[in-house]
Amino acid sequence: MRNGSDRLRALNVQQQVIVELDARGTPTIVKRETGNEKRIESIGETWRIDDEWWRVPIVRRYLEVIVEGGGRMVLFEDLKTGEWFAQKPT
Amino acid sequence: MTRTPHLTSDGAACCWIPLFPLRCETARQPELASLPVALAGPDDTRRVWQVSPLARHAGVKPGMTVSQAIGLCPALKLCEPDPVHYDAQFSRLLAALGQVSPVIEPAELGRAYVGTDGLERLFGSPQQIVEEIQMRSAECGMRNFSEGSFAPRNSHIHSALRIPNSALRVGWGRGKFVSWVAATRARPGEAVIVQPGDEGRFLAAQPLAALPLDSDTHRRLRQLGVRTLGALAALPEEAVVSQFGRAGRRLWRLAAGRITEPVVGRVAPEPIVAALTFFSPVAGRELLELALDHLIVRALKDPRRSGWRVQVIRARAELEQGASWLAEATLKDPSVERERLLAPLKTQLERSPPAGAVERLVVEFTAFAPGTAELQLFARDAHAAARAGRRRALRTAAQEIKLRLKCSLLYHVIEVQPWSRLPERRYALIDFDT
């Protein structure tokens, strides 16, 4: 998104992260771009979003996770590209 | 804001490009010139709005449904309307005409009057002035559909000029009505000049349809055996008035060449523009209404608006895939209240929404009336005055921060699509000072 007085800046834009998966495909570690790495203690709710099928389809698998230290994070996998992102819980 | 006085001129040149929006499309896509083309309506895209001669030859008529039109002419090339583009092209034409005369009065898309009083000192004879108009407008690139398909015209009481391939028809005469009728008699690229004193003779030969008549009056006049303006003017004025009332008097006077409606130059204060680019195209009506409201508030804050009430408000949108949308409203009572400015745009948004998702939305105040209803000194309620004071203080603080840090770090949080399933689409920040 470009800067400028006539531009909106989206809030809660997803941040790309690196997620390590175990043999069953379950996320185990999440690494931020800053190098900060956290182990995933447990996975809570999971849900899927399919949206904007009429334009550029958006297909995401969301996971609500508890990381070491008790922090709550929302991760999602872009099922079209296989990339992982973190987003603030809402 | 510039306060241009009204400029008027009895001498008029009517510049007319019929089917202006369709010609804008053929100018943009020259390959359309050899195809049967129709333009969908800006208010109802299921109906045909304008039709090229080739499509008309195949039986397609304005007002038909698109399916009827395609049934009649399977090769029909249907274009989506792009009103913003047509508006921009017409503005170009007006600007080109403005190089010839300072008195320009736009009548409708594709038709404008040029005030000609005093131009002879600059350009010479009426023929030379018309030539100047044609040369200037030729730069706008409006060409005829079937180039070279007509023969040079022999004039009778009026002379004619000809610019090959141009779609512009020029009518010259005293007053807007005579010049308009002359323009309707001109062929594409040509001009019809009605010399001073010849108005009566010129008008007498014109058909009744040249008058601005409703269908009922037209039918009644034809039943009375009146076929031409000359026949109407030959009737006693009072007899026409007794049959048709005040409207009849005006028709009789127009037909007899007794009315000279001057060209009135536009009062042209600089338009105030506020724009918003969405980070992802938006199709929801609620969000567009919200954005229009935000832009109206922003445009109202423009210091140039001070002392003026808004008379004409226009919203335009750039859509996905290059299309556009335009809504314009003229307020009977000019206003500075955002609700009153927003209401007509909301109605138009509801009635004829954009044909696609909106990428950029622009609100323009294009005409103003003097005076303002917002004098803080006389604020009726103290709370409102206090709120205004706080807002002013906040604005001053924001400006100071911006000056010190060279960038604005204060934002409003606004709802964008609070119902969206995608979290990043729900809320956004916008600069505080916008």
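The values are calculated or read from the model by the stated rules, or taken from the named source; none is laboratory data. Please read these numbers as outputs of a predicted model, since none were measured by experiment. Every residue, glycine among them, receives a Cβ derived from its backbone with ideal geometry; neighbour counts consider all protein chains shown.
Is there any pair with a first residue in the stretch B:404-416 that is facing another protein chain (nearest Cβ under 9 Å) and a second that is part of a loop (DSSP other than H, G, I, E, B) whose Cβ atoms are under 7 Å apart and which are 6 or more apart or on different chains, and what are they?
If the second residue must be part of a loop (DSSP other than H, G, I, E, B), the pairs left are B:S408/B:F432; B:S408/B:D433; B:Y411/B:F432; B:V413/A:L11; B:V416/A:L8; B:V416/B:R426.
Being touching a Leu at 6+ places or on another chain (Cβ under 9 Å) and at pLDDT below 85 narrows it down to one of B:V84, B:V48, so name that one.
On the way: B:V48 fails: at pLDDT below 85.
Checking each option against the conditions leaves just B:V84.
Only one residue in B:V60, B:V100 is in contact with a helix residue (DSSP H, G or I) (Cβ under 7 Å, 6 or more places away or on another chain), under 28 Å from B:T366 (Cβ atoms) and β-branched (V, I, T). Which one?
Values: B:V60 fails: under 28 Å from B:T366 (Cβ atoms).
After ruling out the rest, the residue left standing is B:V100.
In contact with a helix residue (DSSP H, G or I) (Cβ under 9 Å, 6 or more places away or on another chain) and either away from chain A (no Cβ under 14 Å) or surrounded by fewer than 17 Cβ atoms within 10 Å (Cβ to Cβ) (or both): does that describe B:T228? Can you show your working first?
Numbers: in contact with a helix residue (DSSP H, G or I) (Cβ under 9 Å, 6 or more places away or on another chain): yes; either away from chain A (no Cβ under 14 Å) or surrounded by fewer than 17 Cβ atoms within 10 Å (Cβ to Cβ) (or both): yes.
So B:T228 passes the test.
Could you identify the single residue in B:L203, B:L221 that is within 21 Å of B:P126 (Cβ to Cβ) and assigned to a helix (DSSP H, G or I)?
Values: B:L221 fails: within 21 Å of B:P126 (Cβ to Cβ).
Exactly one residue qualifies, and that residue is B:L203.
When the residues of the stretch A:72-90 are filtered to those that are more than 10 Å from chain B (Cβ to nearest Cβ) and loosely packed, with under 11 Cβ neighbours inside 10 Å, which remaining residue is nearest to B:S280 (Cα to Cα)?
Step by step, filter the stretch A:72-90, then rank; the result is A:T81.
Among all residue pairs at least 6 apart or on different chains, which show Cβ distances below 7 Å where the first residue, located in the stretch B:124-138, is in the same structural domain as B:I104 (by TED's automatic domain parsing) and under 14 Å from B:E190 (Cβ atoms) and the second is crowded, with 17+ Cβ neighbours inside 10 Å and among the hydroxyl-bearing types (S, T, Y)?
B:Q134/B:S166; B:A138/B:S166
Six or more apart or on different chains, Cβ under 7 Å: which pairs go from a residue in the stretch B:204-220 that's within 19 Å of B:R246 (Cα to Cα) to one that's not in a helix (DSSP H, G or I)? Could you list them?
If the second residue must be not in a helix (DSSP H, G or I), the pairs left are B:L208/B:V226; B:L208/B:R227; B:L208/B:T228.
Quick check on B:R340: is it assigned to a helix (DSSP H, G or I) and at pLDDT below 85?
Answer is no for this residue.
The rows are residues; the columns are (1) in a helix (DSSP H, G or I); (2) over 25 Å from A:K88 (Cα atoms); (3) in contact with a Phe, Trp or Tyr (Cβ under 8 Å, 6 or more places away or on another chain); (4) not acidic (D, E).
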{"residue": "B:T396", "(1), (2), (3), (4)": "yes, yes, no, yes"}
{"residue": "B:I401", "(1), (2), (3), (4)": "yes, yes, no, yes"}
{"residue": "B:R404", "(1), (2), (3), (4)": "yes, yes, no, yes"}
{"residue": "B:L409", "(1), (2), (3), (4)": "no, no, no, yes"}
{"residue": "B:W419", "(1), (2), (3), (4)": "no, no, no, yes"}
{"residue": "B:A428", "(1), (2), (3), (4)": "no, no, yes, yes"}
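Could you tell me whether A:R7 is in contact with a Leu (Cβ under 9 Å, 6 or more places away or on another chain), modelled with pLDDT of 90 or more and within 12 Å of chain B (Cβ to nearest Cβ)?
Values: in contact with a Leu (Cβ under 9 Å, 6 or more places away or on another chain): yes; modelled with pLDDT of 90 or more: no; within 12 Å of chain B (Cβ to nearest Cβ): yes.
For A:R7, the condition - in contact with a Leu (Cβ under 9 Å, 6 or more places away or on another chain), modelled with pLDDT of 90 or more and within 12 Å of chain B (Cβ to nearest Cβ) - is not met.
Within the stretch B:256-310, how many residues turn out to be away from chain A (no Cβ under 14 Å), assigned to a strand (DSSP E or B) and modelled with pLDDT under 85?
2
Can you pull out every residue in the stretch B:82-110 that is at negative phi, touching a residue at least 60 places away in the same chain (Cβ under 8 Å) and in a loop (DSSP other than H, G, I, E, B)?
Of everything in the stretch B:82-110, those that are at negative phi, touching a residue at least 60 places away in the same chain (Cβ under 8 Å) and in a loop (DSSP other than H, G, I, E, B) turn out to be B:D82, B:S101, B:P102, B:V103, B:L109.
Select, from A:R2, A:R60, A:R55, the only residue that is surrounded by 14 or more Cβ atoms within 10 Å (Cβ to Cβ), at the interface with another protein chain (Cβ under 10 Å from one of its Cβ atoms) and either modelled with pLDDT of 85 or more or not in a strand (DSSP E or B) (or both). Outline the logic, then answer.
Working: A:R2 fails: surrounded by 14 or more Cβ atoms within 10 Å (Cβ to Cβ); A:R55 fails: surrounded by 14 or more Cβ atoms within 10 Å (Cβ to Cβ).
Only one candidate qualifies: A:R60.
For B:T217, indicate whether it is out of contact with any strand residue (DSSP E or B) (no Cβ under 7 Å at 6 or more places or on another chain) and of a type in the set (S, T, Y).
Values: out of contact with any strand residue (DSSP E or B) (no Cβ under 7 Å at 6 or more places or on another chain): yes; of a type in the set (S, T, Y): yes.
Yes.
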